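The values are calculated or read from the model by the stated rules, or taken from the named source; none is laboratory data. Treat the numbers as computed from the prediction; the structure is a model and nothing was measured. Note: ideal-geometry Cβ built from the backbone for every residue, glycine included; neighbour counts use all protein chains shown. Keep in mind that these areas ignore ligands, DNA and RNA; they rest on the heavy atoms of the full protein, side chains included. Shrake-Rupley method; radii C 1.70, N 1.55, O 1.52, S 1.80 Å.
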Amino acid sequence: MPHNPQISSNPSKLHLFPDAEQASLYVAQQIAALIRQRQDQGKSAVLGLATGNTPKLVYKELVRMHQHEGLSFSNVISFNLDEYYPIIPEDKHSYTYFMQKYLFKHIDIKPYNIYIPNTDSSADRIPQYCRAYEHKISGFGGIDLQLLGIGRNGHIGFNEPGTSFHATTRLVNLHSVTREDAQNDFGSITNVPHQAISIGIHTIVQAKKILLLALGQKKSDIIYQAIKGQITTQVPASILQSLPQAEYVLDREAGAKLDEERQ
Ligand code: F6R
């Protein structure tokens, strides 16, 4: 059985919670603490945000904190990880639509501080657009806190198995597992785009803090591989093992295989 010195010597990287609500609450509290700390310092907080099922409860809690606890997002600059290509922002399957629905329209983030890859442009302009996206991130001093989900194939962002750890923002081809997992949202597999723009692994690993949130039994196999297996481009999330600033936040189901080993 592969041994992972990072985890055994640094158990604080791993946060196991009894359920999805508590895991999500922890992540929301980390985000809120960073925002407030930066407010006290008169500074911006640069967040890297994810879409999909995983962060929905995190966003629900952040909205609650805004509405009931006075958490302001006026100092937040946000960069989303990815967006399907091609898609228009108004499309209800777009990640722009998702972010508005679950977070942005409920909070006081300034619209000009929201960055989501805009894929509504011709293929020849994409490389230039991706360079500009990277440039924007570094122009704000990099990402302070990156929230990640994980695909069943180990992807982070849409950095699919086989992606170089040096990759930056670019147009990517979506893996068959990723398209399969998106088919319910799109109604059928034929409607799922074949491509996306994703920030790269190189971009992600430069974030000052990284929280990978994984929920549910469907993630338990890949979480085990990502945390206990070898660091390999075949499991993109495995790179996080080598990063002191990365933490895994799991509910009991996603952490089930790790738990089995402890017993
Ligand atoms: C989404 C993203 C993806 C998802 C991953 C998990 O912006 O970058 O890596 O985090 O596919 O998706 P869910 O949360 O739907 O299981």
Among (1) more than 27 Å from Arg36 (Cα to Cα); (2) crowded, with 20+ Cβ neighbours inside 10 Å, Pro117 falls short only on (1)
Restricting to segment 27-61, give me the number of residues that are open to solvent by less than 20 Å² (accessible area, probe 1.4 Å) and either without any contact (Cβ under 8 Å) to a residue 12 or more places away in the chain or away from the ligand (no atom under 16 Å from the Cβ) (or both). 4
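Quick one: is Gln245 over 14 Å from Asn153 (Cβ atoms), surrounded by fewer than 18 Cβ atoms within 10 Å (Cβ to Cβ) and among the polar types (S, T, N, Q)?
Spelling it out, Gln245 is indeed over 14 Å from Asn153 (Cβ atoms), surrounded by fewer than 18 Cβ atoms within 10 Å (Cβ to Cβ) and among the polar types (S, T, N, Q).
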Between residues in segment 108-130 that are in contact (Cβ under 8 Å) with a residue 12 or more places away in the chain and residues that are in a helix (DSSP H, G or I) and among the hydrophobic types (A, V, I, L, M, F, W, C), which pairs lie under 7 Å by C-beta distance while being six or more apart or on different chains? Ile114/Phe104; Ile116/Met99
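How many residues does segment 121-135 hold that are part of a helix (DSSP H, G or I) and open to solvent by less than 90 Å² (accessible area, probe 1.4 Å)?
Filtering segment 121-135 down to residues part of a helix (DSSP H, G or I) leaves 123-135.
Right, trim to open to solvent by less than 90 Å² (accessible area, probe 1.4 Å) and you get 123, 126-127, 129-130, 132-134.
Total satisfying the criteria: 8.
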Among the residues of segment 67-87, are any more than 19 Å from the chain's Cα centre (by Cα) and under 24 Å from Arg179 (Cα atoms)? yes
